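For reference, the structure is listed below as structure tokens.
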Amino acid sequence: MADSRQEETVSAINFHNEFLAFIHDTSLNIINRCNYYDVLENIVLRAVQLVRTASGYAFLLTDDGQHGEIVVAVGRARHLQGMRIIVDQNLTPSLWQQGDIFFHNRYQEWVSRSSLLVGEAEAVLCFPLKSNGKVIGFISLWHTEKNRVFQPEDLENVKQFSALASIAYDNTLLYRQAQKEITERKTAEKLQSALYRISETTSSSSNLEELYHSVHKIIGELIPAKNFFIALYDEATKTIRFTYYVDEHDPNPVPRKWGKGRTEYVIRMGKAVIISPSLYQELIEKGEIEPSGATAIDWLGVPLKTAANKVIGVLSVQTYTEGVRYTQYEADILNFVSNQIGMAIERKQAEEQLRFLSLHDNLTGLYNRTYFEKKLDRLNNNIAPLSIIVCDVDGLKLMNDTLGHAAGDRMLIAAAEIIRKSLPEQYVAARIGGDEIAILLPGADEPAAENICRSIRHKMAQYNKNHNGIPLSLSLGYAVRTGSCPSVRELFQEADNHMYREKLLRSQRNRSLVIQTVMKMLETRDFIADGHTQRMEDLASSLARRLGLSERKVDDIRLLAQFHDIGKVGIPDHILSKPEALTEEERKIMWRHSEIGYRIARSSTDLLPIADWILKHHECWDGSGYPLGLAGEDIPQECRILAIVDAYDAMTSNRPYRPAMSREEAIENLKRGAGTQFDPQLVTRFVSLLNI
């Protein structure tokens, strides 16, 4: 179950990473271009590639907002290039006013009302082009073939691409504006080079930390950046994490919940902010921010955005020197490169998540078997001392079979956390099988291995003391090498053998403990505590003796009466205690308790003799029972006895959905069920027993 979830997660991440790669490649083609016509042409070409078509155009409004021009056109739209159009924004208000994507898959039926010139188009998709958040035009994409339509995934991809296109166009305008202020050609070349270097380091850096270092260096060549940080915002946990932080006065802040810092202020504003000492005090007085850290002479922060134009954090520089101040010039420079940095971080995060999943178990967060095997192979056979511990979660299959895989997963997660907390950082723990965890301890001798095992057992005891339900149990085995022999693989096998030896010694005690815990859980959830079980034992044993069964059989029937409903531990409370009649779906869930009880009994030497009876104790004489649909004498006699006794006690006891029946009413119901639900001969013998 956990493995299938991991495969789905990896598949989703791979699909997302492929799209990010396309966006990244696209960004290299369009964001770094400075000529607005060149940018628009590349936006159109990339957009038609994204939705697998060949025709489209770029349309820009004129300054009056009432007219516009098709400035770039490709494919069958090429003849429209240069055409000027009067714009009626009321025809497509979602596009012009809300900035939403417009599309029509049967466009010829609508074309007479439109100012969107599309000629031979059968299906049309238009996405807005924005500058400073305002729609200043659109990109129109066509399908000219009949029966070609735009799919939902096209809309989702174009939605993210639209943000990138607007960023690219805005960058072009920013670049032109920056060019006016940058008088030296060398500075302009540095700015352009910075974008390429950020793109290159995204591909070449091995991890995020390396990417952050490279970005700091690149920005430091553009503007003063001695004090520099990158902060990322986790929207799910409402947490700010300072993933890279260099400051001559303040240490790296710990992660913090969303608050009123300068970082959060930039995220709220969604734009570059320069905070001078006077503005800092003003924002504090207004309650916009709260004071924190050393007071800078100037603090400049810009939002980091993804390809979908979502703010994921802040990039900031600050100065403590009067001779170094930040102006709109530095803000524009930082803003210019921040979009590329935000997309680079997003892509690198996706790559690192994929790398993590390839080496870690998705459920427990421990390393997986693949990593463990590689680690074993890399260990030099001459390393000594070397210890290996193998741990096995006892009763995991029983837990999965009775309480469900979610409960089994929680047990595995708890075991992994206990092991993780018991290990120094230099040691490696890996989940190597469904219920097995192995620990590599290079440099650890026997006392060290024993101490870790002792720590695991102590933490496990504390866990069980603080948690109700089936106790967590781990079988542990270790092996230590002090010389060149045995080999690493042989050492692992020796540790595994020791673990299994302990498991065999503990298995019966653990299974008995599980059975006891299950019964205690039933006492608190069901009806065992109200005397139901004792009455069942007394009635069933009396009927068995009246039938002339041996005392050994009578003892087995008493055991069946005590444990026949043990499988109800795996049934949800809301079904067990529901006062109304169960729905068809709820009945099917309730019927599973016979099979769950059978699996529990099979795991216990004490209950093994009655496991088959627990499975069949709800079969009916006419074959209408469950789970096997047995009929007549194919149903074990013990189960036929229990069915009558159980029904009688249930009818004469109070239930959430009805009061108790009288003895006479219950006997009449038994007689009516004779030959259908119950063995008719046994009903007669039971009634005569009651009349004594």
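Computed values, structure above
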| quantity | calculated |
| --- | --- |
| GluC sites (Glu not before Pro) restricted to segment 536-605 and DSSP loop, no more than 14 other C-beta within 10 Å | Glu580 |
| Calculated diffusion of segment 182-357, Stokes-Einstein form, Kirkwood radius summed over Cα pairs, 10 °C and 1.306 mPa s, µm²/s | 96 |
| Extension gain, Gln637 back to Lys459 (0.36 nm per residue minus Cα-Cα distance, nm) | 59.3 nm |
| Calculated FRET value between Asp88 and Lys310, using beta carbons and R₀ = 30 Å, to 0.05 | 0.40 |
| Computed FRET value (nearest 0.05) for Arg546 with Arg602, which takes r as the C-beta separation and R₀ as 30 Å | 0.45 |
| Per-residue [θ]222 nm for the chain (sum of -39500 (n - 2.57) over DSSP H runs n ≥ 4, rounded to 500) | -16500 deg cm²/dmol |
| Relative contact order for the chain, counting Cα pairs under 8 Å that sit 6 or more residues apart, in percent | 8 |
| Gain in span if fully extended, Asn132 to Ile413, counting 0.36 nm per residue against the direct Cα distance | 96.4 nm |
| Computed lengthening from Lys257 to Glu373, 0.36 nm per intervening residue step minus Cα-Cα distance | 37.8 nm |
| Computed label-point distance, nm, for sites Glu288 and Gln328 using a 7 Å Cα→Cβ extension | 1.7 |
| The chain - share of DSSP beta bridges that are antiparallel (%, nearest 5) | 95 |
| Simple label model, 7 Å out from Cα along Cβ direction - Asp622 to Asp250, nm | 8.0 |
| Total charge dipole magnitude, the chain, about the Cα centre, Cβ charges on Lys, Arg, Asp, Glu only, Debye to nearest 20 | 240 |
| Pair Glu585, Lys397: separation of 7 Å Cα→Cβ label points (nm) | 3.2 |
| Greater than 20 Å apart at Cα, pairs in Lys553/Lys616; Lys217/Lys271; Lys130/Lys260; Lys134/Lys159 | Lys217/Lys271; Lys130/Lys260 |
| Residues Glu221 and Gln81, FRET efficiency given R0 of 51 Å [Cβ-Cβ distance, rounded to 0.05] | 0.80 |
| q = 0.06 Å⁻¹, the chain: log10 I(q)/I(0) [Debye, one scatterer per Cα] | -0.62 |
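Bear in mind that the values in this text are calculations on the coordinates, not laboratory data. The structure displayed is predicted, hence computed values, not measured ones. So basically every Cβ, Gly included, is an ideal-geometry build from the backbone, and we count neighbours across all protein chains shown.
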